[in-house]
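*Asks:* Below you'll find the structure I mean.
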Amino acid sequence: MKFKKEMAFGLVIILWIITAWLLYPLINLDSVDMDNAKDYLYRSAIGITIMIIFFGKTILDLFFPQVTLRTMPLLNTIFLTIYSFALAGGIIFMITRMIILYMRSRKSGFLF
C-alpha cells in the first residue's frame, strides 16, 4: 500500500515538472521569439490542460473524500482548498498570458 502512494506521489511530481516545462515560455513571455509563437501556444495549451486536470482532481478530492475516510481532516481540507485556489489562479494567469502571446503574434498588431 505504501509503495502505491509513493508511486502516485512520484507521478504527480513528474507531471508537475512536465507542466512547468510546457508553461515556461508563458512565464518568460518577454523573451519569446514571435516567429515560434504558434508552437508556444500549442505547448502552453497542453500545459494548461494538465493544470485543469489537476484542478478537477483536487475539486473531486475536496467534495468527495476517499471512501475509506468518513471525514477528511481539517488541515487536509484547508491545504486542498488553498491548493485549488492557487491552481485556479495559475490557470487564469496562464490563459491570460496565452491571449497576450496570441495578440502579439497577430500581424495586425497588439491591441493592448
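*Asks:* How far apart, in nm, are the 7 Å Cα→Cβ label points at ILE50 and ILE99?
*Replies:* My value for the distance between the label points is 2.5 nm.
*Asks:* At 0.36 nm per residue, minus the direct Cα-Cα distance, what do LEU15 and TYR83 gain on full extension? Give it in nm, one decimal, please.
*Replies:* 22.9 nm
Each reported figure results from applying straightforward, stated rules to the coordinates on display, with no laboratory input. Keep in mind that what you see is a predicted model, and the values were worked out from it rather than measured. When we count neighbours, we look across all protein chains shown, and the Cβ atoms used for this are built from the backbone with ideal geometry, even at glycine.
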